[in-house]
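Encoded as structure tokens, the structure appears first; notes follow it.
The values are calculated or read from the model by the stated rules, or taken from the named source; none is laboratory data. Here the structure is a predicted model, which means the values were calculated and not measured. Neighbour counts are summed over all protein chains in view; Cβ atoms, including those assigned to glycine, are modelled from backbone coordinates with ideal geometry. Just the protein is used for accessible areas: all its heavy atoms, side chains included, with ligands, DNA and RNA removed. Shrake-Rupley method; radii C 1.70, N 1.55, O 1.52, S 1.80 Å.
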Amino acid sequence: MSRQNLLDFFNNPKPKEKKSTESPSTEKESTSAEKKSPPKRKKVVYPVFPKDLPPSYLVSVTYEGKKALASLKLYEPTSQKIYFWDDTTGHKPYCLTNLPPKELKKLSRLTSHSGFDHFEIVEKYDPLLDKQVKVTKVVAKDPLAIGGRQYGCIRDIIPEDYQTITGSEEPVKVWESYIRYYQSYIYDNNLAPGMLYKIQKGKLVPVKHESSEETVGKILELFPGEEKEFMHSIEMWARLLEYPAPQFRRVALDIEVSSPIPTRVPDPQEAAYPVICVTLFGSDGKKETLILKRKGITKGSKELPSDVKVEYFDSEKKLLQKLFDAIRDYPFVLTFNGDDFDLRYLYNRATKHFSFKRSQIPIEVRRRVCSLKYGIHIDLYKFFFNRSIQIYAFGKKYRDVTLNAIGTALLELSKIELNKPFSELTYTELALYNLRDAEITLDLTTFNDNLVMKLILALSRIARMPMEDVSRQGVSRWIRNFLYHEHRQRNMLIPNSEDILAIKGGTTTQAIIKGKKYKGAIVVEPVPGVHFNVAVMDFASLYPSIIKVYNLGYQSLLCSHDECKVNKVPETPHWICRKKKALESLLIGSLRDLRVKWYKLKSKDKTLPNELQGWYNVIQSALKVILNASYGVFGAPTFGLYCPPVAEATAAIGRHVITQTIEKARALNIEVLYGDTDSIFLKNPSPEQIKILEKWSEKTLGMELDVEKFYRYAVFSSRKKNYLGIMSDGSVDVKGMTGKKRHIPIYIKKAFDQMEERLGKVQSPAEFEEAKKAIQKIVRDRYLRLKQRRWGDNPNELAFHVVLGKPLAAYKKTTPQHVKAARKLKEIGYDMKTGDLISFVKVLKEPHVKPVQIASNREIDVDKYVGYLQSTFDQVLDALGLDFDEIIGLTKLGRFM
DNA sequence: GCGGACTGCTTACCT
DNA sequence: ACAGGTAAGCAGTCCGCG
């Protein structure tokens, strides 16, 4: 499954849009701002949707407790303002139960519950029983009554009281009680966050975008002969994805707080120390820094850029007031870790240390999230932390989830390095530092034509989630939510996870890895050596294809029909339904086909206007992220539609498919050099042989097998997931090799890179001998330099870099080397937490490791590094028939001396 | 008490 | 809070050994 990423498209980033300088640069620094205009205490009123407003994007749905209804935020792209619209449909929170009203009326705790409203009998399709059922809709006055955290909510009362009161053994079921109210509102009204709406006669109605509709029509023509149901899904997705994206008016916010201990981050709960500097960096050109005056601090000699507006404050309260007013002005506010720090700190600082009332602060603090009353808060830390985003959208370009690492990797813009503690900075130094952080934060969303904003928008549409949620939650939530949405659209009961598990059961195969639930993919034993003319064929999104073609989903696996029981999944006792299409199969299948047949092609179509091609690339990446996870979620207990047999069946069919393909290739007399999950590496196949394989796959497996790439030659050792592939242009694919892993010292990596470059130059088998000699020289040189201890003035290049996977105290079973180093760092005052990258070197003395910060050249254990050099190169040398010891001048005999 | 064989833990990677 | 499979290094344990 190939790993081309979102950034590939933008190899030629356009020059940045010129930012309009809204504030004239003449006003540089005014120290007297607060004397001029003391902030007035006026009531903050937010705009309500006017009657004739142009089409606006639905960006948020929340429950408004005071009014007891759903409240929507819409972003009007011309005025670039947020407007509020309150529900007029009378929609109310509810849950479903199998008890009829007659029985429910016996439950006095329910009927007398202050939040209880009424009962309705509704008919639904139960996908686990495959039949229509009558259930009771228990309607409530507010969402907390259904499933609030406090004692005695409706979803708990129903089963508890029914059994105690009636003594009945009948299983009492409650459905859909754990769905957030605003999601329920979105599902029931078939809303799509991120899409265009208008208000017509007091109702929210979707806006048609004509040229997008035309494209949707064209897309549908790409799928002749598909069933009606499938076409409807394609149409729905295409509409969600074709509609244009707006310009997002936004501001990045970053604050600095004084702290008595420089290495400790102040606690946002206490918010005990003053906010000393704040920067607002806007997409509209705003660059404003607010500084708190403190004793003994001077401006210093450095200069700020002339377009930055600086304001000094005598009082922190006034600074906060000014900041709050600015926040209120923007429809979108960006932070890096604002949920856990900046916004939380500001809120607590304002309420606990100054006399701000809650109504005077534009921030709402919840358990894990900080949101805004007016705008939309996007915490980019949470977004970039998302593993799927990291890997599939950004191709692992950034490895550390810090502002500095992401900024450096994606923007080539780094944080300003400080060489003295915070408290000793001049005002200007502090402002520059703060300004840079805010700049990076904004630029993370502007680069490549606002890629990140568009990506969040696209995901929001697919997942049917507000942008605020989709940017914070993981891919399993995205998938769950659009599947839930489709359940509601079809009047299907959304099953409880435990019921799926109880009916469909667990897994039956034995995993190779201890502790795993079921058997996964096949990895073919590679044929060691150097092979010229290697074709890599793979199945385009194998697992989503399987889910589509084989009709996989919790409904279809182990269905209740006797006649389906013969439709077995290979190597398992599971069977698959032949009578009814599973929702997952339909929706994941249509998404896959849409990506492969439209968005992937369009994202590479140079004839399209640049901007449109970019949008298509965003879409195909968003789809990739979702599709890549679409099989895994079935095996994840946290997924709402968790169904182990579905995951197990997908993997089993995958093994079957690849095994058959390998057999077919061999039957065609093609040597199969290697294969992993969905790919096969073929030695020197003829174009005819390839064509036969492709046709065969289409016909017998119903799946698309294509040549994904062609290597001039490939180098395999006997290790799986470990090879080099040299493309015809000389570029080199390096997979799984230690020489490419992030933790190894640059000193060793450099030698590996040299070797890689040399291998890229080899055109033919005849040229190989010379390359081998060159590689031997590279290895020998690096070995000798190590032995001569020539690596520089400090051991930085010898440092290993390993991520701390959990808090220091959680390492109980063993103490790995990086943990030893981290504990040492902690002793000398560093703040060590999960996710930190620990850099350490290997030294002679116990405990043989030392943080690089405090290590010196003379204590380095050179032989350890020689050992590392050897194991790194062995992976390649094996295949080339070379021997490390011989290269460095040890004869085979010499090794025993 | 010591060393080799073994298992388990941890991280980084592949698909 | 997507999944399982593989490689590598090190920590810790067990067992034999006069």
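So here's what we get for this one:
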read-out	value
Scan of segment A:452-467 for residues that are in a helix (DSSP H, G or I) and open to solvent by less than 10 Å² (accessible area, probe 1.4 Å), ordered by number	A:Val452, A:Met453, A:Leu455, A:Ile456, A:Leu457, A:Ala458, A:Leu459, A:Ser460, A:Arg461, A:Ile462, A:Ala463, A:Met467
Qualifying residues in segment A:710-727 (those that are hydrophobic (A, V, I, L, M, F, W, C) and either free of Cβ contacts under 8 Å to residues at least 24 places away in the same chain or open to solvent by 20 Å² or more (accessible area, probe 1.4 Å) (or both)) - the one nearest to A:Glu757 (Cα to Cα)	A:Met727
Answer residue from segment A:433-448, given it is touching a helix residue (DSSP H, G or I) at 6+ places or on another chain (Cβ under 9 Å) and open to solvent by less than 10 Å² (accessible area, probe 1.4 Å) and is nearest to A:Gly300 (Cα to Cα) among those	A:Asp437
Given (1) under 26 Å from A:Asn533 (Cβ atoms); (2) open to solvent by 10 Å² or more (accessible area, probe 1.4 Å); (3) among the aliphatic types (A, V, I, L, M), number of the condition A:Met755 does not satisfy	(2)
Condition met for A:Tyr347 (touching a residue at least 12 places away in the same chain (Cβ under 8 Å), open to solvent by 30 Å² or more (accessible area, probe 1.4 Å), within 16 Å of DNA strand B (Cβ to nearest atom) and over 14 Å from A:Arg472 (Cα atoms))	no
Wholly enclosed helices (runs of 4 or more DSSP H) of segment A:584-696 bearing at least 1 residues touching a Gly at 6+ places or on another chain (Cβ under 9 Å)	A:610-629, A:644-667
Filter result for the condition that a residue is assigned to a loop (DSSP other than H, G, I, E, B), in contact (Cβ under 8 Å) with a residue 60 or more places away in the chain and of a type in the set (D, E, K, R), over A:Asp437, A:Asp400	A:Asp400
Criterion: more than 31 Å from the chain's Cα centre (by Cα), among the basic types (Lys, Arg) and not in a helix (DSSP H, G or I) - qualifying residue of A:Arg782, A:Arg789	A:Arg789
Lone unmet requirement of (1) more than 12 Å from DNA strand C (Cβ to nearest atom); (2) of a type outside the set (A, V, I, L, M, F, W, C); (3) surrounded by 15 or more Cβ atoms within 10 Å (Cβ to Cβ) for A:Arg790	(3)
Leading residue by the ranking (surrounded by the most Cβ atoms within 10 Å (Cβ to Cβ)) among those in segment A:821-844 that are free of Cβ contacts under 8 Å to residues at least 40 places away in the same chain and near DNA strand B (Cβ under 9 Å from one of its atoms)	A:Ile838
Output for segment A:663-696, where each listed residue is charged (D, E, K, R), open to solvent by 10 Å² or more (accessible area, probe 1.4 Å) and over 13 Å from A:Val534 (Cβ atoms)	A:Glu663, A:Lys664, A:Arg666, A:Asp676, A:Glu688, A:Lys691, A:Glu694, A:Lys695
Segment A:792-815, subset under 26 Å from the mean Cα position of the chain (by Cα) and assigned to a strand (DSSP E or B), residue farthest from DNA strand B (Cβ to nearest atom)	A:His801
Hits in segment A:191-236 - residues which are in contact (Cβ under 8 Å) with a residue 60 or more places away in the chain and of a type in the set (Ser, Thr, Tyr)	A:Tyr197, A:Ser233
Enumeration of residues in segment A:293-343 that are small (Gly, Ala, Ser), under 15 Å from A:Ile255 (Cβ atoms) and surrounded by fewer than 22 Cβ atoms within 10 Å (Cβ to Cβ)	A:Ala326
Tabulated pairs, segment A:730-745, first at positive phi and open to solvent by 30 Å² or more (accessible area, probe 1.4 Å), second in a loop (DSSP other than H, G, I, E, B) and near DNA strand B (Cβ under 6 Å from one of its atoms), C-beta under 8 angstrom, 6+ apart or interchain	A:Gly736/A:Lys721
Given (1) surrounded by 12 or more Cβ atoms within 10 Å (Cβ to Cβ); (2) closer than 22 Å to A:Tyr243 by Cα, index of the condition A:Glu214 fails	(1)
Per-region count, segment A:110-151, residues of a type in the set (Gly, Ala, Ser), open to solvent by less than 20 Å² (accessible area, probe 1.4 Å) and not in a strand (DSSP E or B)	3
Of all residues in segment A:481-526 being of a type in the set (Asp, Glu) and part of a helix (DSSP H, G or I), the one that is nearest to DNA strand C (Cβ to nearest atom)	A:Glu498
Failed item in (1) assigned to a helix (DSSP H, G or I); (2) away from DNA strand B (no atom under 12 Å from the Cβ); (3) surrounded by 12 or more Cβ atoms within 10 Å (Cβ to Cβ), with A:His818 passing the rest	(2)
The lone exception for A:Leu882 - which of (1) open to solvent by 60 Å² or more (accessible area, probe 1.4 Å); (2) at pLDDT 85 or above it fails	(1)
One residue from A:Leu542, A:Leu493 being of a type in the set (A, V, I, L, M, F, W, C), within 25 Å of A:Gly640 (Cα to Cα) and within 13 Å of DNA strand B (Cβ to nearest atom)	A:Leu542
Criterion violated by A:Asp706 - all others in (1) open to solvent by less than 40 Å² (accessible area, probe 1.4 Å); (2) closer than 25 Å to A:Tyr543 by Cβ; (3) in a strand (DSSP E or B) satisfied	(1)
Residues located in segment A:122-153, provided they are of a type outside the set (Gly, Ala, Ser), in contact with a strand residue (DSSP E or B) (Cβ under 6 Å, 6 or more places away or on another chain) and more than 29 Å from A:Cys577 (Cβ to Cβ)	A:Val138, A:Val139, A:Lys141, A:Pro143, A:Ile146
In segment A:583-611, the residues that are among the aliphatic types (A, V, I, L, M) and more than 24 Å from A:Met231 (Cβ to Cβ)	A:Leu608
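Residue by residue, here is whether (1) more than 25 Å from A:Ser233 (Cα to Cα); (2) open to solvent by 10 Å² or more (accessible area, probe 1.4 Å) holds:
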position: A:Asn450; (1), (2): yes, yes
position: A:Asp469; (1), (2): no, yes
position: A:Trp478; (1), (2): no, no
position: A:Arg488; (1), (2): no, yes
position: A:Pro495; (1), (2): no, no
position: A:Gln510; (1), (2): yes, yes
position: A:Val527; (1), (2): yes, yes
position: A:Phe532; (1), (2): yes, yes
position: A:Ala535; (1), (2): yes, no
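Each row is one residue, and each column tells you yes or no for (1) among the polar types (S, T, N, Q); (2) over 24 Å from A:Met492 (Cα atoms); (3) surrounded by 23 or more Cβ atoms within 10 Å (Cβ to Cβ).
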| residue | (1), (2), (3) |
| --- | --- |
| A:Lys606 | no, yes, no |
| A:Val618 | no, yes, yes |
| A:Ser621 | yes, yes, yes |
| A:Val633 | no, no, yes |
| A:Pro637 | no, no, no |
| A:Cys643 | no, no, yes |
| A:Thr661 | yes, yes, yes |
